[in-house]
1. What number of residues within region 143-164 satisfy the criterion of being surrounded by 22 or more Cβ atoms within 10 Å (Cβ to Cβ) and over 18 Å from Glu91 (Cβ atoms)?
2. Give, as residue ranges, the strands (runs of 3 or more DSSP E) completely inside region 1-109 that count at least 3 residues that are in contact with a Cys (Cβ under 7 Å, 6 or more places away or on another chain) and surrounded by 14 or more Cβ atoms within 10 Å (Cβ to Cβ).
3. Is there any pair with a first residue in region 16-37 that is under 21 Å from Ser139 (Cα atoms) and touching a residue at least 60 places away in the same chain (Cβ under 8 Å) and a second that is charged (D, E, K, R) and in a loop (DSSP other than H, G, I, E, B) whose Cβ atoms are under 8 Å apart and which are 6 or more apart or on different chains, and what are they?
4. Could you list, in sequence order, the residues of region 110-156 that are assigned to a helix (DSSP H, G or I), in contact (Cβ under 8 Å) with a residue 24 or more places away in the chain and within 16 Å of the chain's Cα centre (by Cα)?
5. Output the residue which, of all residues in region 110-122 that are of a type in the set (Gly, Ala, Ser) and surrounded by 14 or more Cβ atoms within 10 Å (Cβ to Cβ), is nearest to Ser143 (Cα to Cα).
6. Any idea which of (1) in contact (Cβ under 8 Å) with a residue 12 or more places away in the chain; (2) over 26 Å from Lys29 (Cβ atoms); (3) not charged (D, E, K, R) is the one Thr72 doesn't satisfy?
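Read the figures in this text as sums done on the coordinates, not as results from a lab. In this text the structure is predicted, and so the values were computed from the model without any measurement. All Cβ positions, even for glycine, are placed from backbone atoms using ideal geometry, and neighbour counts span all protein chains on display.
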Amino acid sequence: MAIEEYIQQAHGKSFVEYLQYKGPWAENKYASGTMHHKGCSVTSVAVILSGYGIDKNPEDIRPKDGTMINITSVLEQHGLKATRVNKPSAETVLSHLKNGDAVIIYAGGPKKGYSGQWSSTTGHYFPVLEADGTKGYVSNVGSSTKTGWFEMSTILKDNIQVIFVSK
């Protein structure tokens, strides 16, 4: 296992916690920038796929021409169900997590009028892998200091959209 990978156990799944800014993919072209700065969507998908036994790292997911991915399409191409919901309630997100589903949060940043809890620019994707009570486990692909257990109200603070993922 490379240094940028950590394992999180959740509901009988083993998620590899990749980081967009560490690893051989970090400086590769993606979305008018590099994976380091723009690769949160790709890296989030790789984390989620790992939990469902699909061995794909961020470089395997990244389009080689550097264009952006459609998260739900990539997840569905790998046999998973992916449903986008705009600003669901904390109870809805917790219910999905407690049922063994994973989620990907899209949070807005200050340049979109949000607080910047999860992003210092326009927005950020990150997986949430499980729930315990009112908390969720954030696998923040863009920050090792913002990974761990957080109250759902904190996780959803700048929530724009949630992608619910299931088998």
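1. Within region 143-164, residues that are surrounded by 22 or more Cβ atoms within 10 Å (Cβ to Cβ) and over 18 Å from Glu91 (Cβ atoms) number 1.
2. none
3. Glu17/Glu5; Tyr18/Glu4; Tyr18/Glu5; Leu19/Glu4
4. Passing the criteria: Ser144, Lys146, Met152, Thr154, Ile155.
5. For region 110-122, the residue satisfying everything is Ser119.
6. Unmet condition: (2).
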